[in-house]
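Encoded as structure tokens, the structure appears first; notes follow it.
The values are calculated or read from the model by the stated rules, or taken from the named source; none is laboratory data. Note that the structure is a prediction, hence the values are computed from the model and not measured. Cβ placement follows ideal geometry from the backbone for every residue including glycine, while neighbour counts extend to all protein chains displayed. Each accessible area value is taken on the protein alone, full model and side chains, heavy atoms only, with ligands, DNA and RNA left out. Shrake-Rupley method; radii C 1.70, N 1.55, O 1.52, S 1.80 Å.
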Amino acid sequence: MNTTYPVKTIIRWLWRSSRDNRLQAVLNTLIGLLEVAVSLASVWAVQRAVDIASHSREGDVMTAVALMAVLILSNFALGVASVWVRNILGIRAQNRMQQRMLGRILRSEWQGRESMHSGDVLNRLEQDVTNVVNFVAETLPNALSVAAMFAGAFFYLFCMDHTLALLIVVISPLFLILSKLYMKKMRRLSRDVREQDSMVQSILQESVQNRTLVKTLEGEDAVVGRLGGRQKELHRKVVKRTKFSMFSHLAVNTGFAFGYLLAFAWSALRMSSGSLTYGGMTAFLQLVNRIQNPARDIARLAPQFVQALTAAERLMLLEDVPLEEQGKPVTVGAPCGVLVEGVSYAYADDASHPVVENLTFDFKPGTCTAIVGETGAGKTTLLRMILALVRPDSGHIYIYNKEKRVEVSPLTRCNIIYVPQGNTMLSGSIRDNLLLGDADATDDRMYDALETACADFVKELPDGLDTVFSEQGGGMSEGQAQRICIARALLRGCPLMILDEATSALDPQTEQCLLRNLLADASHTVIFITHRPAVLQYCSATLSLRKA
């Protein structure tokens with residue numbers, strides 16, 4: 001599998017993305033280096049205590065033991081500090097990166113037909129963000145500590161025995177010879193696993209979201225079987241990666257075991273010849289461990305490094321979509337209209353068949369226009385162009401009044417009230433949903449908007465605005481959820497109102513009441529996408545679209 005970005009590019013991205021994690025990384029580095037110092041001091045303290053106890057050197061045994069106790073307590077305190085930094089600062093860093101990535105996604109250009117499944121995107125925002133944060137804030141500082149431990153232990157052992165230190169160092173890093181091949185293959189295997197994991201999450205998400213459909217189609221067994229097939233493929237990829245990892249670790253650990261046996265035999269021979277004390281042999285064996293363990297840790301760091309590169313690459317792909325135009329909102333005073341001039345648009349995956357072709361129409365200020373047409377005629381695509389979610393391939397769209405005319409862009413959405421088709425309620429309270437329309441709305445304004453949207457039933461609920469519902473307004477009817485969504489949009493207070501089949505779930509009487517309320521303010525320019533005769537009766541103009 002070819003990777004999208006070279007390693008250097010991914011590393012540069014990791015550095016830029018680490019700005020929110022640097023405090024944690026610095027603290028983890030300092031704690032790690034202190035742990036190295038305490039560990040090496042403990043080797044010296046143990047050697048000294050053993051030599052004093054065996055009368056190889058002078059000194060007070062209790063003082064030596066007390067010094068060991070201080071070092072043990074210091075190591076314990078550093079461990080507590082490490083856990084605190086990891087748990088407290090770590091979750092903050094993870095939260096900030098998730099917020100940044102989500103904000104980046106929400107502010108990016110809408111691609112018309114998304115190439116990534118929402119379950120895959122969520123998988124990246126959760127697991128891949130966690131992997132990147134852990135790598136920057138913990139794995140890299142740990143690598144510095146490992147290097148410091150290796151260097152410190154080698155210097156200590158070199159001072160005691162030049163020959164043994166050099167032999168251990170020669171044997172320990174033999175695994176580096178094959179590291180490049182190991183990293184390349186491990187990166188590919190890790191990416192395979194992550195992609196399969198995303199596919200599993202996509203199936204889980206779709207199945208839970210559409211469980212009513214699955215039940216009515218009696219497709220439970222088929223969906224579970226589909227999940228099982230994907231999980232089987234994930235299991236196969238994990239087994240393949242695990243086998244490769246185990247074989248690599250076995251080869252490395254065999255070298256380490258040989259090095260330890262060599263150190264034990266060497267120190268035993270020296271002690272038997274009288275050139276090494278019992279405490280010295282104890283120090284030898286501890287130092288060999290402190291040289292080999294960092295080398296072993298480096299072997300463990302390699303998969304983490306590969307995992308981080310894979311996670312970073314997957315997040316970089318989320319950022320590949322360019323940002324929408326950013327800046328100060330451009331307002332056009334009421335009443336305003338929308339002028340469509342010679343507009344054509346085709347989706348990228350079917351560029352030879354335009355959805356809208358050479359369309360010209362004037363939604364005049366203060367009018368109410370119905371957009372009608374068969375499915376696939378481009379009604380929703382036209383609204384997306386007015387909302388600047390997609391840009392016309394040719395032609396122009398303007399929002400205008402008597403004083404000025406501006407071409408639509410993300411900065412002109414501040415002039416538009418938009419109610420999309422279907423149930424768009426979010427989980428939480430009614431108040432939470434309404435505040436999305438205006439974060440500063442008072443209770444009185446919210447109740448006024450609900451009254452205009454014929455959603456007076458909210459006043460009768462025991463908790464009123466604070467009534468909590470599950471996702472998509474679970475617990476209320478489709479018609480009730482639709483009216484709350486309309487009230488949420490009305491709180492924006494914009495002069496241009498676009499409603500995409502916004503009354504489809506309402507009974508005729510409620511629909512007529514809602515239409516009268518919406519059209520009572522002549523300063524609004526209203527655009528309906530509809531098939532309902534009741535809506536057409538209230539419209540002063542009709543735009544009929546046909547398939548291009």
Across all directions of projection, what mean area in square nanometres is found for the Cα convex hull of segment 389-482? 8.2 nm²
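Kindly give Rg over Rh for the chain, based on alpha-carbon atoms, with the Kirkwood expression for the hydrodynamic radius.
1.15
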Spelling it out for Asp393: with amide H atoms placed in the peptide plane at 1.01 Å from N, the residues 5 or more places away or on another chain with amide H under 5 Å from its amide H are Ser344, Tyr345, Ala346
For the Ala41, Val468 Cβ pair and Förster radius 51 Å, calculated FRET efficiency rounded to 0.05 is 0.35
Using the Karplus equation 6.51 cos²θ - 1.76 cosθ + 1.60 (θ = phi - 60°), what ³J(HN,Hα) coupling, rounded to whole Hz, does each residue of segment 134-139 give in order, writing x for Gly and Pro? 4, 5, 5, 8, 10, 5
Can you sort Glu58, Glu511 by 1.4 Å-probe accessible area, starting with the largest? Glu58, Glu511
For the chain, the per residue accessible area (1.4 Å probe, Å²) is 51 Å²
Sorted from largest down, what three extents in whole angstroms do the Cα atoms of segment 321-457 have along their principal axes? 49, 36, 33
Label point distance in nm, His396-Gln205, each placed 7 Å from Cα along Cα→Cβ: 3.9 nm
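Taking the DSSP beta bridges in the chain as the whole, what percent of them are antiparallel, to the nearest 5?
Details: 18 of 36 bridges.
Looking only at bridges with both residues in the chain, the antiparallel portion is about 50 percent.
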The percentage of the accessible area of segment 328-459 (probe 1.4 Å, all protein chains present) made up of carbon and sulfur atoms, to the nearest whole number, is 50 percent
With a Förster radius of 35 Å, plug the Cβ-Cβ distance of Ala439 and Glu109 into 1/(1 + (r/R0)^6) and report the FRET value to the nearest 0.05. 0.90
Between Tyr418 and residues 5 or more places away or on another chain, the pairs with built amide H atoms under 5 Å apart involve Ile498
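Carbon and sulfur: what percent of segment 66-154's accessible surface (1.4 Å probe)?
Answer for segment 66-154 is 64 percent, counting heavy atoms of protein chains only.
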Report the dimensions of segment 327-373 along its three principal axes from the alpha-carbon atoms, largest first, rounded to Å. 38, 32, 16
How large is ³J(HN,Hα) for each residue in segment 533-542, as worked out from phi by the Karplus curve 6.51 cos²θ - 1.76 cosθ + 1.60 (θ = phi - 60°), to whole Hz, x for Gly and Pro? x, 4, 5, 4, 5, 8, 8, 8, 8, 9
Long-range HN-HN contacts of Gly373 with modeled amide H, under 5 Å: Leu545
Trypsin sites (Lys or Arg not before Pro) within segment 93-148, DSSP loop, no more than 11 other Cβ atoms inside 10 Å: Arg113
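Tell me, what are the semi-axes, in whole angstrom and largest first, of the equivalent ellipsoid of segment 25-156 as set by the roots of 5 times the Cα gyration tensor eigenvalues?
Semi-axis lengths for segment 25-156 are 49, 13, 9 Å.
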What is the distance, in nm, between label points placed 7 Å from the Cα along the Cα-to-Cβ direction at Leu30 and at Leu166? 4.0 nm
Kirkwood-type radius of segment 1-92, with distances r between different C-alpha atoms, in Å: 16.4 Å
When the convex hull of the C-alpha atoms of segment 432-548 is computed, what volume per residue in Å³ does it have? 129 Å³
I need to check one value: relative contact order of segment 431-497, counting alpha carbon pairs closer than 8 Å and at least 6 residues apart, in percent. 52 percent
Can you work out the Karplus-derived ³J(HN,Hα) for every residue in segment 68-74? Use 6.51 cos²θ - 1.76 cosθ + 1.60 with θ = phi - 60°, whole Hz, and x for glycine or proline. 4, 4, 4, 5, 5, 5, 5
Just how far, in whole angstrom, is segment 90-153 from segment 319-390 if you go by their alpha carbon centroids? 36 Å
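For Thr163, Thr369, write out the residues from largest to smallest accessible area, computed with a 1.4 angstrom probe and no ligands counted. Could you put the intermediate results ahead of the total?
Details: Thr163 70, Thr369 0 Å².
Result of the area sort, largest leading: Thr163, Thr369.
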